[in-house]
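The values are calculated or read from the model by the stated rules, or taken from the named source; none is laboratory data. The model shown is predicted, which means the values in this text are computed figures rather than measured ones. Reconstructed Cβ throughout: ideal geometry from the backbone, glycine too, with neighbour counts over all protein chains shown.
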Amino acid sequence: MKAPISGTGERAPAVQVIGLRKRYGDVHAVDQVNFSIAPGEIVALLGPNGAGKSTTMDMILGLTRPDDGEVRVFGLSPGEAVKEGRIGAMLQEGGLLDDATVAEIVGMVASLHRRPLSVREALRRAGIEDLAKRRSTRLSGGQKQRVRFAVALVSDPDLLLLDEPTAGMDVATRRDFWQAMGEFTASGRTVIFATHYLEEAEEYADRVIFLKRGRVVADGSVEQMRRLAAGRTVRAVIPGVTRDAVLGLPGVLNVEVRHDKVRIVSADSDATLHAMLPAFPQARGIEVSAVGLDEVFLAIAGGDGTATGETLAGERGWRR
Ligand SMILES: Nc1ncnc2c1ncn2[C@@H]1O[C@H](COP(=O)(O)OP(=O)(O)OP(=O)(O)O)[C@@H](O)[C@H]1O
């Protein structure tokens, strides 16, 4: 039985996705995805290529019809929410009208909405007032992205969906982009962005949702992700070991056991090792290394095909 969708009105979640599925031939692009995003949350969607991030976003926007499941945006259907100007979107490869100026492009989109910002204000908020008269054919890749951002902002939406918004931007442009975004989120509005830059997720999101092969494999706060990233990986060969026995050691955040090989993510590797050696005197081949964000991501996304959100979560509530 489906979980009930929350009501409409001011208290409705910004986005509620229930049992969402989309198949393309044999590919389960999105496979039973559930999440609820509160107004004001800034959520990063992470996952390897083909994980289902864009398809999920397209269904939230009403651009793709789900095979099964339901999407509500502030209690409305995606179509209604778009019509009311409550969603702004910046998609990958969104076209810009050839040979129109930036002001004309943003103005055209503004004319489709009931209560748009002025073109000038949209350009100001996107930090590109100086590009108003530039023709779209004369824009660099990073500048085009920022024009798409102005287009996303012009309906003055409550929710922004951004699919890899900083792809193709240099470091300075990325910084300016996120500064402009800070102005949008400071007023308590909701943002969902897909990214491959883990540091962007860490720096700008409150929460991260990891997708893999169309499923949510982990969903937690950035604080939890940071805690994992600050840790150390301890690897050892311990004949006869069980996961539960290792989980009881001090500092342990996550354990993976494959045959006799143990891989531990620890918040305090010294404490873990001091307790591990007397508890498992048969341990050998011990290695300690830093956990990078990439490794956190790979562990969660199951880069080696073994770890999943469930194993990483353990009893520590990584999944909501
Ligand atoms: N229109 C389509 N027709 C056929 N297959 C599709 C279509 N759109 C997406 N897919 C497939 O669905 C899966 C999910 O794709 P999606 O673009 O949602 O992933 P993603 O996480 O956004 O990837 P990326 O990080 O590469 O942008 C992929 O296997 C993709 O090939």
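The combined condition, being farther than 23 Å from Asn34 by Cα, within 16 Å of the ligand (Cβ to nearest atom), outside any helix (DSSP H, G or I) and in the same structural domain as Glu41 (by the TED database), is not fulfilled by Pro157. Identify the residue in region 210-269 that is charged (D, E, K, R) and closer than 30 Å to Ala38 by Cβ and, among all such residues, is surrounded by the fewest Cβ atoms within 10 Å (Cβ to Cβ). Residue satisfying both the conditions and the ranking: Glu223. Pull up region 56-71, narrow it to residues that are at pLDDT 95 or above and in contact with a Lys or Arg (Cβ under 8 Å, 6 or more places away or on another chain), then point me to the one that is farthest from the ligand (Cβ to nearest atom). Here the residue is Glu70.
Can Ala81 be described as crowded, with 21+ Cβ neighbours inside 10 Å and modelled with pLDDT under 95? Reasoning before the result, please.
Numbers: crowded, with 21+ Cβ neighbours inside 10 Å: yes; modelled with pLDDT under 95: yes.
Yes.
Number of residues in region 25-45 that are more than 12 Å from the ligand (Cβ to nearest atom) and either outside the structural domain of Glu164 (by the TED database) or of a type in the set (Asp, Glu) (or both) equals 1.
Applying the criterion of being in contact with a Lys or Arg (Cβ under 9 Å, 6 or more places away or on another chain) and not acidic (Asp, Glu) to the residues of region 72-88, the residue that is nearest to Arg125 (Cα to Cα) is Gly85.
When you look at Pro48, is it more than 9 Å from the ligand (Cβ to nearest atom) and assigned to a loop (DSSP other than H, G, I, E, B), yes or no? Spelling it out, it is not the case that Pro48 is more than 9 Å from the ligand (Cβ to nearest atom) and assigned to a loop (DSSP other than H, G, I, E, B).
Go through region 81-116 residue by residue and tally those that are in contact with a helix residue (DSSP H, G or I) (Cβ under 7 Å, 6 or more places away or on another chain) and either within 16 Å of the ligand (Cβ to nearest atom) or not acidic (Asp, Glu) (or both). Counting residues in region 81-116 that are in contact with a helix residue (DSSP H, G or I) (Cβ under 7 Å, 6 or more places away or on another chain) and either within 16 Å of the ligand (Cβ to nearest atom) or not acidic (Asp, Glu) (or both) gives 17. In region 188-209, of all residues being over 18 Å from Asn34 (Cα atoms) and of a type in the set (A, V, I, L, M), the one that is modelled with the lowest pLDDT corresponds to Leu198.
Here's the yes/no breakdown for (1) touching a strand residue (DSSP E or B) at 6+ places or on another chain (Cβ under 7 Å); (2) part of a loop (DSSP other than H, G, I, E, B); (3) within 16 Å of the ligand (Cβ to nearest atom):
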position: Asp176; (1), (2), (3): no, no, no
position: Gln179; (1), (2), (3): no, no, no
position: Gly182; (1), (2), (3): no, no, no
position: Thr185; (1), (2), (3): yes, no, no
position: Phe193; (1), (2), (3): yes, no, yes
position: His196; (1), (2), (3): no, yes, yes
position: Glu199; (1), (2), (3): no, no, no
position: Glu203; (1), (2), (3): no, no, no
position: Phe210; (1), (2), (3): yes, no, yes
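Scanning region 102-141 for residues that are in contact (Cβ under 8 Å) with a residue 24 or more places away in the chain, surrounded by fewer than 18 Cβ atoms within 10 Å (Cβ to Cβ) and outside any loop (DSSP other than H, G, I, E, B) yields Arg135, Thr137, Gly141.
Just to be sure before I move on: is Gly231 more than 16 Å from the ligand (Cβ to nearest atom), of a type in the set (Gly, Ala, Ser) and within 30 Å of Pro281 (Cβ to Cβ) in the structure I sent?
Working: more than 16 Å from the ligand (Cβ to nearest atom): yes; of a type in the set (Gly, Ala, Ser): yes; within 30 Å of Pro281 (Cβ to Cβ): yes.
Taking the combined requirement at face value, the residue satisfies it.
One residue alone among Arg124, Arg115, Arg148, Arg174 is within 30 Å of Glu199 (Cα to Cα) and at pLDDT below 90, and that residue is Arg174. Residues that are hydrophobic (A, V, I, L, M, F, W, C) and touching a Gly at 6+ places or on another chain (Cβ under 9 Å) within region 123-149 comprise just one, Phe149.
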